[in-house]
Every structure is written in structure tokens, then in C-alpha cells.
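All remarks here apply to the structure that follows.
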Amino acid sequence: MGFIKAVKEEIRIIRERDPAIKSSMEVFLYPSFKAITRYRIAHKLYQRKHYFLARWYSQRTARKTGIEIHPGAVIGKGLFIDHGNGVIIGETTIIGDNVTLYQGVTLGGTGKEQGKRHPTIEDNVMISAGAKVLGSFRVGKNSKIGAGSVVLTEVPPNSTVVGVPGRVVKRDNVRIPTEEMDQVHLPDPVLNDISNLREENQKLREELKYLSKEVEKLKKN
């Protein structure tokens, strides 16, 4: 894809996914637009083994946008970074197509791995604000990572992950429509556990009442 075509594609993606953008001109002020466009240039330099220039350019971009993308990362089409401040994408990260990241997301390593040490994010994944995905494993396509989650193990496709450490709380085989790619309507495993405990507690109370009545009957007899 040529540079001009890539710029037009980034404008289309941002306008499509961010309702705050009212005109194409506003996109040029958007940190995500600057970060991704400059990443493409830095990545070309990195591929040609101009490592210092690639890193120098990417670090300048990080200072200007608050989004740090290592030039060695491999990023597909349609990446959207909403707001973006504090987003970090490590060197061996692989990101598929139509992925959405929110502010404060880290795609990093654990500090103990060699070689491929950052995650692979497959197509149509949404990672919510402040989430950390740490290690060399896959986050399956069409999955959603809840805000503030810390994901340390592989995520199957079509899953919803929340919590610290992150755990799968929902799975199905249906692609996530764009309009459902939000950070709010996610299952709450703690609330679910509390609801289950309340139900069990109510059942125990009813059984105790029944047993108490039976004991009283036996005493009368």
C-alpha cells in the first residue's frame, strides 16, 4: 500500500470508529493517526536494518504522541488506538487486522523470555483501557479484553477476558460486530460469584427452615 493510500485508509478508520471526529481535517491532530503513520515509516527503516534511525524516529513519535510503538512490531491493517496516551507495543508484537486499543494498553513481555517475547493479537480484537497483555502467546480473533485486566496466558478466539490475572468469562463462536466493541458491557465475574452465593445461601436457609419444621413435628409426636 502506497503512503497516500495508507493515509486515506487511516483517516477512514478513525472517522469510522471515533464519533468525536467531525471532519477529516481533525484526524491530522489525532495522536493515533500520527503514531501509526510514523510507525509505518519507522518499520520500513527497521526492515532495511537501519535500526538506529528507526528507533530514533519511533522515540520522537513517542514523545510527541504518548504512544510507543517499537519499529520492529508487525501491525496489520485497520489498527485503531483511541486517545492512546500510555499505549506501549513491544518489538516482537504481532497485531492482526481491525484491532482496537484504548489508552494505557501494554503489549509487552514478562522480562524472562528470549526471541518472540511479546503477544500476537489476532484480527478484530478489542483491548480496553489500562489492560496489560504480557508474554509470547496469542489473543484469539474476535476477543475482548476488559479494562484493567492483566492477561498472562493464551486467550481462545471469541472470548471475553476480565480480571487480574485475566480469565475467560465468556466464549462463543459469533464475530463481534463493530457497534458492540465497547469497554462497558462486559461480564462481571465477581458480581456473578456474589449472585451465585446469594442463591446458594437462600437455598440453605429454606432447607434449614424445612428441617426445623420437621424436627418440631417429631418433638410433638
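The values are calculated or read from the model by the stated rules, or taken from the named source; none is laboratory data. The shown structure was predicted, so the numbers you read here are calculated from the model rather than taken from an experiment. Note: ideal-geometry Cβ built from the backbone for every residue, glycine included; neighbour counts use all protein chains shown.
Name the single residue, out of those in the range 104-130 being in a loop (DSSP other than H, G, I, E, B) and among the hydroxyl-bearing types (Ser, Thr, Tyr), that is surrounded by the fewest Cβ atoms within 10 Å (Cβ to Cβ).
Thr110
Of all the listed residues (Glu200, Glu179), the sole one being at pLDDT below 90, assigned to a helix (DSSP H, G or I), over 13 Å from the mean Cα position of the chain (by Cα) and assigned by TED's automatic domain parsing to the domain that holds Ile88 is Glu179.
Only one entry of Phe33, Phe28, Phe52 meets the criterion of being aromatic (Phe, Trp, Tyr) and closer than 25 Å to Asp123 by Cα, and that entry is Phe33.
Looking at (1) over 19 Å from the mean Cα position of the chain (by Cα); (2) in a loop (DSSP other than H, G, I, E, B), which one does Gly84 not meet, given that it meets all the others? Gly84 satisfies all of (1) over 19 Å from the mean Cα position of the chain (by Cα); (2) in a loop (DSSP other than H, G, I, E, B) except (1). Among the residues of the range 133-155, are any closer than 25 Å to Ala20 by Cα, without any contact (Cβ under 8 Å) to a residue 40 or more places away in the chain and touching a Leu at 6+ places or on another chain (Cβ under 7 Å)? No - not one qualifying residue is present in the range 133-155.
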